[in-house]
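Note sheet for the following structure.
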Amino acid sequence: MGKTASKLSKDEISSLKKSTYFDKRELQQWYKGFLRDCPSGQLTNAEFLKIYKQFFPFGDPTDFANYIFNVFDKDKNGSIDFKEFIIVLSITSRGSKNEKLEWSYKLYDQNRDDKIDYQEMLNVLVAIYKMVGPMVRLNNDEATPELRAKKIFGLVNKDVNDMLDMDDFKVICEKDNQVLRGLDLYGGLV
C-alpha cells in the first residue's frame, strides 16, 4: 500500500473490506482523503503530530501522539500507510469492545512484552496530562499522573511493583471507562 495510485485496486478493496468494518465506498473516500493529506501515501510522525496539535491546541500532544503513532505503525518503518491507518481507524471507531481493549492495551504496553508495568502506565498518563493541559479539571485522587496510575493499579489490587496483564486491563476498563476514552477521538471522524 505504499504506492500512490489515485484509486485502490479491486484486490486492495477486497482485502481491506475483510480487514475493516468499512464498505467499498467508505474505503475509497478515506483513501482519497488520505492521499489528499499525504500525497506520498505515507503519514510521517511529524504529520501525525501536526494533526494531534489541531485537536489539542492548549496542551502538548507530542508524547501522546508518538505513542499512538507507534501503535499505528505496525510494520515499524517510521510511517503509516493507508492500510495501517484504515485498520486502526476501523478498530477504534467501529470495532468490538474487545478489539478496542486489545488496541488500547498495545498503547500502554510500550515494550511489547504483553505486560504493563507502572512506568509504562505512568509514561502514557504523563503524556495524556500534558496533552489536555489545563483544560480538564480532575478529582484530587487523580490530580497528577502518579496518583492516577496508582489508582488504576489499585482497581485490580496491585501496587506499583506489579505488572498488569490483559485480564487485569479488562477489569480496569470495566471499573473505569476513562482508560479507553481516548479512543473516542476517532469515533467523531467516522
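A few notes on this one:
- Close amide H contacts of Asp117 (hydrogens built in the peptide plane, cut-off under 5 Å, sequence separation of 5 or more or a different chain): Leu164.
- Integer Hz, Karplus 6.51/-1.76/1.60 couplings in order for the range 104-115, x for Gly and Pro: 5, 4, 5, 4, 7, 7, 5, 8, 6, 9, 6, 9
- From the C-alpha gyration tensor of the range 97-185, square roots of 5λ in Å: 19, 15, 13
- Angle in degrees between helix 62-72 and the longest Cα principal axis of the chain, rounded to the nearest 10: 60 degrees
- Between amide H atoms placed 1.01 Å from N, distances below 5 Å from Leu43 occur with Ile80, Asp81, all of them 5 or more places distant or on a separate chain.
- Semi-axis lengths, Å, the range 11-94, gyration tensor of Cα atoms, sqrt of 5 times eigenvalues: 23, 13, 13
- Degrees, to the nearest 10: 82-94 long Cα axis against longest axis of the chain: 50 degrees
- Residue order for Lys175, Lys76, fewest other beta carbons within 10 angstrom first, comes to Lys76, Lys175.
- Note on the chain: Cα convex hull, mean projected area over all directions, 10.8 nm².
- Straight-line cross-link reach from Lys151 at under 25 Å between alpha-carbon atoms covers these lysines, not counting any fewer than eight positions away in the same chain: Lys97, Lys100, Lys106, Lys115, Lys130, Lys170, Lys175.
Read-outs throughout are calculated quantities, based only on the coordinates presented, and are distinct from any laboratory measurement. This one's a predicted model, so the numbers in the text were calculated from it and none came from an experiment. Backbone-built Cβ (ideal geometry, glycine too); neighbour counts: all protein chains shown.
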